[in-house]
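Enquirer: I have a structure here, written as structure tokens, and I will follow up with some questions on it.
The values are calculated or read from the model by the stated rules, or taken from the named source; none is laboratory data. These numbers come from a predicted model, not from an experiment. Methodologically, a virtual Cβ is constructed for each residue, glycine included, from the backbone with ideal geometry; neighbour enumeration extends over all protein chains shown.
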Amino acid sequence: MTESTGTTDENKGRRRILITGTSRFLGLRLAKRLENDPGVEHLVGVDLEEPPIPIEGLEFIRADIRNPLVARILEATKVDTIVHTNIASSPGRLGGRSQMKESNVIGTMQLLAAAQRATRVKKVVVKSSTAVYGSHAGEPSLIPESYSERQAHLSGYGKDCAEAETYVRDFGRRRPDVALSILRTQNVIGPTVRTSLTEYLSLPVIPTALGFDPRLQLLHEEDAVEALYRALSMDSRGIFNIASDGVVYLSKAIRMLGRVELPLLVPLAGAAAELLRRFDLVDFPGDQLKLLVNGRVVDTSRALRDLGFQPRYTTEQAIEDFRDHRDKDHPPEPSAHPTWERELFEYLRTKAERERKTTDA
């Protein structure tokens, strides 16, 4: 992907924006951020479940982006900007690892295949993850965006993100006229977001790997939304690491949260994670356990330079906000909706009829 310094799009007119994953945290919060934005002409949300809170002016379309019908949505809504946030890290919430991979990889492929044919689309932002770098002993102290070009053994969520990014870069080569940005976010934490890491850090007794104390670099939920907003608002291209400033060792994070640490031998860590999943305490995939052994810290200088992204919260402040303002009552997670295809066809039919009547008039 080519890279260029970001410049504002203020002179390019109001945008028609489509956001995937509007029933989940990042898509939902971004849509809420944009609901009264004067630079937005029309806002469209796509997911299998409706947003749990009202969003003024949002046109919600119940649809599965894994289905080729997504191309008809882009055509019907006439969007010029796509923000793809619907890449999940927890298999339990999607019904298992195979469903998660299909949603992450096939969903991205179908969405971009549709965007490739949509000539109105001129801006695409994709939320990825720093999991594409893996987490191994001997990694650089600060990992740059180019580090993903090396051969790394990935599985699970990290592999999904790497494969999804392959489709994104292929799209970029076929549509060089589109301003394409990939945001590789660190693990998101905050008072309301629910992830594998927030569930892990909420345990009263936190299992750790004996003899290891990894450096944690996190990202506050508000900063994650701000990064997406900046990426779609700027004429920026390229791959950007998105993370808070500073690091905190896992042992210190546990002390800050007032939790008790339980060191385990590394071979027992996988068994402990399996028990936590079995008892529905933490949906922590085994492929992410290496993060709690080796840690991962990324270089964010490119996001600062090209996006002007300066996180409001440091890693330590993000942990403190998580500790002090954690919302204990989480809304139910979205589930599959068996009637979405019928509803989508009805939406497309009625929209076509309205446009035909307007033309006739």
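Enquirer: Filter segment 95-109 for residues that are under 17 Å from Arg24 (Cβ atoms) and more than 15 Å from the chain's Cα centre (by Cα); which is modelled with the lowest pLDDT?
Expert: The extreme case among them is Gly95.
Enquirer: A further question follows. Which one is modelled with the highest pLDDT, of the residues in segment 289-301 that are in a helix (DSSP H, G or I) and over 19 Å from the mean Cα position of the chain (by Cα)?
Expert: Restricting to residues being in a helix (DSSP H, G or I) and over 19 Å from the mean Cα position of the chain (by Cα), the top hit is Ser301.
Enquirer: Give the residues of segment 56-71 that are in a loop (DSSP other than H, G, I, E, B), surrounded by fewer than 19 Cβ atoms within 10 Å (Cβ to Cβ) and among the hydrophobic types (A, V, I, L, M, F, W, C), sorted by residue number.
Expert: Scanning segment 56-71 gives a single hit, Leu69.
Enquirer: Can you run down the residue pairs with Cβ atoms below 7 Å, 6 or more apart or on separate chains, where the first is in segment 29-40 and closer than 12 Å to Ser233 by Cα and the partner is modelled with pLDDT under 95 and not in a helix (DSSP H, G or I)?
Expert: Close Cβ pairs (under 7 Å, with a partner that is modelled with pLDDT under 95 and not in a helix (DSSP H, G or I)) amount to Gly39/Arg14; Val40/Arg14.
Enquirer: Looking at Ala162, Ala131, Ala137, which one is surrounded by fewer than 19 Cβ atoms within 10 Å (Cβ to Cβ), out of contact with any strand residue (DSSP E or B) (no Cβ under 7 Å at 6 or more places or on another chain), among the small types (Gly, Ala, Ser) and closer than 30 Å to Val247 by Cα?
Expert: Just a single option satisfies the conditions, and that option is Ala137.
Enquirer: Further question: Residues in segment 16-55 that are closer than 20 Å to Val124 by Cβ, small (Gly, Ala, Ser) and assigned to a loop (DSSP other than H, G, I, E, B): how many?
Expert: 2
Enquirer: For segment 132-188, name all the residues that are small (Gly, Ala, Ser) and without any contact (Cβ under 8 Å) to a residue 12 or more places away in the chain.
Expert: Those that are small (Gly, Ala, Ser) and without any contact (Cβ under 8 Å) to a residue 12 or more places away in the chain: Gly138, Ser146.
Enquirer: Now a separate question. Which one of these is at pLDDT below 95, surrounded by fewer than 17 Cβ atoms within 10 Å (Cβ to Cβ) and under 27 Å from Lys127 (Cα atoms): Gly286, Gly308?
Expert: Answer to the selection: Gly286.
Enquirer: State yes or no: is Leu74 part of a helix (DSSP H, G or I), in contact with a Pro (Cβ under 6 Å, 6 or more places away or on another chain) and either more than 21 Å from Asn104 (Cα to Cα) or without any contact (Cβ under 8 Å) to a residue 60 or more places away in the chain (or both)?
Expert: no
Enquirer: Now for a different question. Taking the stated definitions as given, is Val124 modelled with pLDDT of 95 or more, surrounded by 15 or more Cβ atoms within 10 Å (Cβ to Cβ) and within 17 Å of the chain's Cα centre (by Cα)?
Expert: Judged against the criteria, Val124 is a match.
Enquirer: Here's a follow-up. Filter segment 172-226 for residues that are touching a Pro at 6+ places or on another chain (Cβ under 8 Å) and of a type in the set (S, T, N, Q) and give the result.
Expert: Once the filter is applied, which keeps residues that are touching a Pro at 6+ places or on another chain (Cβ under 8 Å) and of a type in the set (S, T, N, Q), segment 172-226 yields Ser196, Thr208.
Enquirer: I'd like the residue in segment 127-156 that is assigned to a helix (DSSP H, G or I) and either of a type outside the set (S, T, N, Q) or over 19 Å from the mean Cα position of the chain (by Cα) (or both) and, out of all such residues, is nearest to Met100 (Cα to Cα).
Expert: Going through the qualifying residues, I end up with Gly156.
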